[in-house]
Amino acid sequence: MAKKLKGRPGWLELSEDRTSFVFMPDRAKIVRNIFEASISGLGGYTIANRLNAKKVPAFGPSLNWDQSTIHNMLRNRATIGEHQPKRIQGGKRIPDGDPIPNFYPAVIEESLFLAAQVARQKNLASGRGRKGRLITNLFRGIPTCAYCADPVKFKSKSNVKSLICSNVIENHGCFRMAWSYKDFEHSFLEFVKNHASDLKIERREREPLAELVSHIRALSGADVYEARMGIAISLNATVSELKIASAGPTPVAGNSDARIRLDHLGRYFEVRFRGGGSTHTGFPAGK
Ligand SMILES: [Zn+2]
């Protein structure tokens, strides 16, 4: 007997016996319109308002669209058929194993999905100022904390830019250690360059990494903005997991009100790339 399916993305239905997904042309069309609206430059808030004004019913239990639903959909690779298995760790759902392609019926093609990621990066960058302004955090929305699995966030305070576990920022615990952003970015990009030139890497990893490296190399060219944009988009497409261990392999719990310290000597990160099975560990690269 075929295995029963538990969940489904909002735009699909389950067959009556719950063993297959049913493609809903009307909903697929709505998803496509949302991606196209985003690519044309509309923000999630505007898109949600337009759908509500047109009385297009939302897919969830709530009949109304809101911007977080739109943003989640625009980032969700289930739209192109991909399924990321998850497991629960510390009360959070975290990725468990490789994403499975062609798990769902795709409602849009990959080129449309990627175009929307480009548009989102551009909107985010232009929202922060003129085009010449550089994207300050290339890793937006990607890293998680190696200790508590919460998101690691970019923080800029009195000219120090760093990556910090969101639990630490919100004073909910975890290890009060941050990784200075410049050092992390340099270390990570150096790691990618070295890793991509390793002849032993898995074939499925090679092509997407080659593209990422071409953007990293472009950093020394004339258009740094374009290069950083390319890196940000490639990172989104190639990194499936990035865990940051700012406090090293054997962190020591300190006072919950202790000053957040920077750049522990033992700091490291663990990364998995889309398509590649194994996890790789990277360390500070030095200047
Ligand atoms: Zn943490």
Practice task
Filter region 192-231 down to residues that are closer than 20 Å to His280 by Cβ and in contact (Cβ under 8 Å) with a residue 40 or more places away in the chain, then give me how many there are.
Solution key: 8
Fill in the blank from the handout: Scanning region 42-90 residue by residue, the ones that are at positive phi and open to solvent by less than 40 Å² (accessible area, probe 1.4 Å) total 1
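Looking at Val118, Val152 in this structure, which one is among the β-branched types (Val, Ile, Thr), open to solvent by less than 40 Å² (accessible area, probe 1.4 Å) and either within 16 Å of the ligand (Cβ to nearest atom) or in the same structural domain as Ile34 (by TED's automatic domain parsing) (or both)?
Values: Val118 fails: open to solvent by less than 40 Å² (accessible area, probe 1.4 Å).
Residue meeting the stated conditions: Val152.
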Exercise for the section: Please enumerate the residues belonging to region 217-238 that are open to solvent by 10 Å² or more (accessible area, probe 1.4 Å) and of a type in the set (A, V, I, L, M). Expected result: Ala218, Leu219, Ala222, Val224, Ile233, Ala237
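The values are calculated or read from the model by the stated rules, or taken from the named source; none is laboratory data. Computed from a predicted model, the values in this text were never measured in an experiment. Every residue, glycine as well, gets a Cβ built from its backbone with ideal geometry; the counts of neighbours run over all protein chains shown. With ligands, DNA and RNA removed, areas are computed over all heavy atoms of the protein, side chains included. Shrake-Rupley method; radii C 1.70, N 1.55, O 1.52, S 1.80 Å.
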